[in-house]
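The values are calculated or read from the model by the stated rules, or taken from the named source; none is laboratory data. Remember, it's a predicted structure, so these values are computed and weren't measured experimentally. Heads up, the Cβs are rebuilt from the backbone with ideal geometry, glycines too, and the neighbour counts pull from every protein chain shown.
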């Protein structure tokens, strides 16, 4: 049984306001929580909602997408506790043989919510108490922005390189390195933005399993002039496990979306360029380009003497006659701009030192695609 707080504390005052709210009442922030078979994580996740130190109005909008476990019972129990502590809870859902997918559930949670700002949360993650407060403070200063934050990975030793990358990108790289990796430069469970801007961009793709709805939304956001910001504090415990929805997205699907965005955002403006890496990844990028962009590739560059000694790469599948032969050069003999297909943080700084020696500017003279 839950005890009533003594006196007229902030939670009691806020709860009274919620119970007597006028038609058209809006929370300052709605926490958007899609749920599917999350019983083993929900207690910890919802406890972190309760522990937020935000002094304005919070609403939790939960959409249960056909869970077959005890997720709904856990949500209903927590609804009582949260509302007793001044957090309005909206619960929606569907009961069907199969879920519609993360994009659909997030869209439904947004539709049933009221908040002026939206704070996205995955049911297997845990927020730090200051998350909503700090991201709200950042978002009100940047109305066209997706605001992220640094994260702590759980288990701690999982995806170490990826975690280091998302936590240490500079503010400029949050936009410049959007063609790399398997997702946005600020990960979806850390997103915070205004409802107005979300509605301007449009809803998440509802294609279901295998669709990278977060990446597609992020690319649309950038194409429409959106900004990206990260609060440089760890505000989320980001869980890694085999059941995560991200594992249903094929690498090839992500690759194709990244290539398409690279061509639309960068290559359309370039007359010519060099692909840095004459190996597997560089050649795959070349083969993935539209013929019009393949013709802009003046060379591959590398440090591998054996690759350079071959002299050129022939694209045998080309329908052009004669078949394109692309020179392979040492990076010091090559002409920019460059699309770099070399993974960072894997060569004991050798690659990073080579790149630095050319005195190039990221976002102008080169972009990473690794």
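Just give me the residues in the stretch 191-216 being within 24 Å of residue 233 (Cβ to Cβ) and within 15 Å of the chain's Cα centre (by Cα), in sequence order.
191, 192, 193, 198, 214
Among 219, 286, 240, which is under 15 Å from the mean Cα position of the chain (by Cα) and either crowded, with 20+ Cβ neighbours inside 10 Å or not assigned by TED's automatic domain parsing to the domain that holds residue 144 (or both)?
The match here is 219.
Which residues, taken from the stretch 220-250, are on the phi < 0 side of the Ramachandran plot, outside any strand (DSSP E or B) and at pLDDT 90 or above?
Of everything in the stretch 220-250, those that are on the phi < 0 side of the Ramachandran plot, outside any strand (DSSP E or B) and at pLDDT 90 or above turn out to be 220, 221, 222, 223, 224, 226.
Please list, ordered by residue number, the helices (runs of 4 or more DSSP H) wholly in the stretch 113-217 having 2 or more residues that are at pLDDT below 95 and under 27 Å from residue 40 (Cα atoms).
In the stretch 113-217, the matching helices (runs of 4 or more DSSP H) lie at 160-168.
Can you say whether residue 159 is at positive phi, in the same structural domain as residue 140 (by TED's automatic domain parsing) and surrounded by fewer than 17 Cβ atoms within 10 Å (Cβ to Cβ), as far as the supplied structure shows?
In short, yes.
Restricting to the stretch 335-353, name every residue that is modelled with pLDDT under 95 and either surrounded by 13 or more Cβ atoms within 10 Å (Cβ to Cβ) or assigned to a loop (DSSP other than H, G, I, E, B) (or both).
If the condition is that a residue be modelled with pLDDT under 95 and either surrounded by 13 or more Cβ atoms within 10 Å (Cβ to Cβ) or assigned to a loop (DSSP other than H, G, I, E, B) (or both), then 335, 336, 342, 343, 344, 345, 346, 347, 348, 349, 351, 352 are the ones that fit.
Any idea which of 271, 308 is loosely packed, with under 13 Cβ neighbours inside 10 Å, without any contact (Cβ under 8 Å) to a residue 60 or more places away in the chain and not in a strand (DSSP E or B)?
None of the other options fit; the residue is 271.
Select from the stretch 354-369 the residues that are assigned to a loop (DSSP other than H, G, I, E, B) and surrounded by 16 or more Cβ atoms within 10 Å (Cβ to Cβ) and list them in ascending order.
Hit for the stretch 354-369 is 369, nothing else.
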